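One structure below.
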Amino acid sequence: MSQIEEIKNRLDIVEVVGSYLKLQKTGANYRALCPFHSEKKPSFFVSPTRQIWHCFGGCGTGGDIFKFVMQIEGVEFGDALRILAQKAGVELKRQTSEYKEWQTERNRLYEVCDLATRFFEKQLEESKTGKEAKKYLLARGIKEESIKKWRLGYAPESWRGLSDFLVSQGYNREEIVKAGLAIPKEQTQSDLELQTTNYKLQTNFYDRFRDRIIFPIFDLNSKVVGFGGRVFKEKDEQETAKYINIPNTLLYDKSQILYGLDRAKIEIRKKDSCILVEGYTDVIMSHQTGIENVAATSGTALTSHQLKILKRYSENLILGFDMDIAGESASKRGINLAQNQGFNIKVIRLPEGKDAAETIVQNQEDWIEAVENPKSIMEFYFESAFSKKDSKTSEGKKEISKTLLPVIKRIPNQIERSFWTQKLAKDLEVKEEDIFQEMKKVRLEEEIYGLEPEEIINLPQKGRKELLEERLLTLILKSPSDSLNLLTEEDLDFFSPQTCQLISRLKKEEKPENLPTELFNLLNHLSLKSEIELEGLSQEDCKIEFQECQKEIKNLEIKNKLDRISLEIKKAEEEKNFPKIEELIQEFNYLAKQLTRFQ
């Protein structure tokens, strides 16, 4: 048995897909909103019986667990294999030629990141300055077990401490730069004149992180993909950036990663809500209070991609960071995105000027209470807008409406929008009609706010005959013995070669596993489609629809033949080939009678 088959045998596709998406049982299968295109009605199905998945909606993609992980993680086969091997507890054999193919560039970078994390961890525990950094963390309220759980570390002050260590472990400096851990040095002419080739290798890179506390950043599979570094000495906080992060790399993209989501995703699904905070320490400290359905945006605005990932687990967001509702701040743009994607949004009210970590250090009960009593986003907007302006003056009314009208207009539900419109009119003591008139003038220029356009799926369009044949095959699979008996050898002349081949093998009752790969995959896909689309259809209804499909396929094929013969007759007439014309007319008349027969 190959290692691929061993992994497939050990893993259940429902568990694998379910770790990414919120699956709902429906009959023998499971369904969810498709993660690969935008949709409101679930069209993504998982079959535990066949161990396959398929989207019957906009994108039409499908496959096995490997194909799913490749698409959801955006990785190639070798990386999907490594991810699934780890889940299955299968040790990949390094000595095989297959393994060498799977050793992709990404895999090497994963190894660099993990080894770097271990280096930083050791420096925190054993170096003199590392121990000072650890004392700082403990003083900030981060517990010893949290330091280990989140793999916090320390980057020494040395210019090439990490790089030299990684090179000694067999990784080249180009890989270290690609992982975002080193920076190429800009060299002057005098540098180049002094350096030999060998010396250049030692000096033309330097470590990105020096004398900083290190926060490893994890992907959804808890693999280290990036790093953030924080200064901890008072003089450094005044002289340099408090936080720096690695740039986007082959593994890390700040627009796609949410810190802590790998550890929070199960709890998010359980509680059906995700608390979003701003920084690494906010997440860590919240976990210490027992509130674990929390992830961090790491100081960036929410992106469309992050929201799509979050939607796999819950459609309820609770925001736990400071927000400026005036103008078009980054945080507000992220909220607009979330509203447009259908999220229910609430806001945690924290003490003025405090973030989650500071609140917890001061009194963790305040954080727990705030999390348990969030306000709706609209309540938050109204309170904020009215607290900053005087609603009794005409200028104040104008400024408040300027803030709130776009927010109200963005509400997709008409009844909810009407409720907040009435409230605004009442609170401003103006006519409701005036609010409606002003709202009509508001332009929601979503492109300016950073919204990504809807995905456009360019699928090859199936022809009518292909669709009918597919439907006919699903009807056969619903009731094989009844349907196959209705087909004659003459009927097969009207079908495509692939349909004929599958029908022929079904008639012989061949075992699916004995079919060629292409036919086996087609059979699996059609069987799942049959279960989903024909559920509840009676045997009699299936028979009637089968005969209708059969008849229309024959008519389409005959019409195509008639069109071809018409062209041939025209050509024969141009050539004055009268015997050919006569022969073609006879064939045309014969087929025309067949068409009448099938109508």
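The values are calculated or read from the model by the stated rules, or taken from the named source; none is laboratory data. Note that this is a predicted model, so its numbers are computed, not measured. Reconstructed Cβ throughout: ideal geometry from the backbone, glycine too, with neighbour counts over all protein chains shown. These accessible areas exclude ligands, DNA and RNA; they are computed on the full protein's heavy atoms, side chains included. Shrake-Rupley method; radii C 1.70, N 1.55, O 1.52, S 1.80 Å.
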Taking a crude spin-label model, label points 7 Å out from Cα along the C-beta direction, the Lys507 to Arg464 distance in nm is 2.7 nm
With x for Gly and Pro, the residue-by-residue ³J(HN,Hα) of the stretch 65-78, computed from phi through the Karplus equation 6.51 cos²θ - 1.76 cosθ + 1.60 at θ = phi - 60° and given in whole Hz, is 5, 5, 5, 5, 5, 4, 6, 6, 8, x, 10, 8, 4, x
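Among 142-152, 400-410, how do they line up by average Cβ neighbours within 10 Å per residue, starting with the highest?
Numbers: 142-152: 16.1, 400-410: 19.3.
The peptides rank, most packed first, as 400-410, 142-152.
Over 23 Å between C-alpha atoms is what I'm after, so list which of Lys8/Lys270; Lys143/Lys332; Lys332/Lys409 land there. Walk me through the numbers before you get to the answer.
Working: Lys8/Lys270 27 Å; Lys143/Lys332 33 Å; Lys332/Lys409 15 Å.
Exceeds cut-off: Lys8/Lys270; Lys143/Lys332.
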When the charge dipole of the chain is computed with +1 at the Cβ of Lys and Arg and -1 at the Cβ of Asp and Glu, the Cα pointing farthest to the positive end, of Val225, Ser479, Gln539, is that of Val225
Which residues qualify? For Phe205, with a placed amide H closer than 5 Å and at least 5 residues away or on another chain, they are Lys185
Given backbone amide H placed at 1.01 Å from N, residues whose amide H is under 5 Å from that of Ile52, ignoring those fewer than 5 places away on the same chain, are Ser47
So Lys576 and Arg410, fully extended at 0.36 nm per residue minus their Cα-Cα distance, gain in nm 52.8 nm
Computed ³J(HN,Hα) along the stretch 404-413: with the Karplus parameters 6.51/-1.76/1.60, θ = phi - 60°, integer Hz and x for glycine or proline, the list is 8, 4, x, 5, 5, 4, 6, 5, x, 7
Asserting the computed 222 nm helical MRE of the chain (DSSP H runs at least 4 long, -39500 (n - 2.57) per run, divided by residue count, to nearest 500) equals -16500 deg cm²/dmol
Under 5 Å from the placed amide H of Arg212, counting only residues 5+ away or on other chains, we find Ala155
For the chain, whose charge dipole is built from +1 on Lys and Arg Cβ atoms and -1 on Asp and Glu Cβ atoms, the candidate among Asn316, Gln123, Val17 with its Cα farthest towards the positive end is Gln123
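Only four residue types carry charge here, +1 at the Cβ of Lys and Arg and -1 at the Cβ of Asp and Glu. Report the dipole size of the chain about the Cα centre in Debye, rounded to the nearest 20. Intermediate results must be reported in sequence, preceding the final value.
Working: 92 positive and 100 negative charges, 149 e Å.
It comes to approximately 720 debye.
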Scalar couplings 3J(HN,Hα) for the stretch 579-588 by Karplus 6.51 cos²θ - 1.76 cosθ + 1.60 (θ = phi - 60°), nearest whole Hz, x for Gly and Pro, are x, 5, 4, 4, 4, 5, 5, 4, 5, 4
Counting only protein heavy atoms and rolling a 1.4 Å probe, one gets per residue an accessible area for the chain in Å² of 52 Å²
Of the accessible area of the chain, computed with a 1.4 Å probe and all protein chains kept, carbon and sulfur make up a percent value of 48 percent
Quick shape check on the stretch 48-89: root eigenvalues a ≥ b ≥ c of the Cα gyration tensor, a/c under 1.5 is rounded, otherwise prolate if a/b tops b/c, else oblate, and it reads oblate
Semi-axes a, b, c in Å (a largest) for the chain, each sqrt of 5 times a Cα gyration tensor eigenvalue, come to 56, 37, 24
By the Cα gyration tensor axes a ≥ b ≥ c (a/c under 1.5 gives rounded; else a/b larger than b/c gives prolate, otherwise oblate), the shape of the stretch 2-123 is prolate
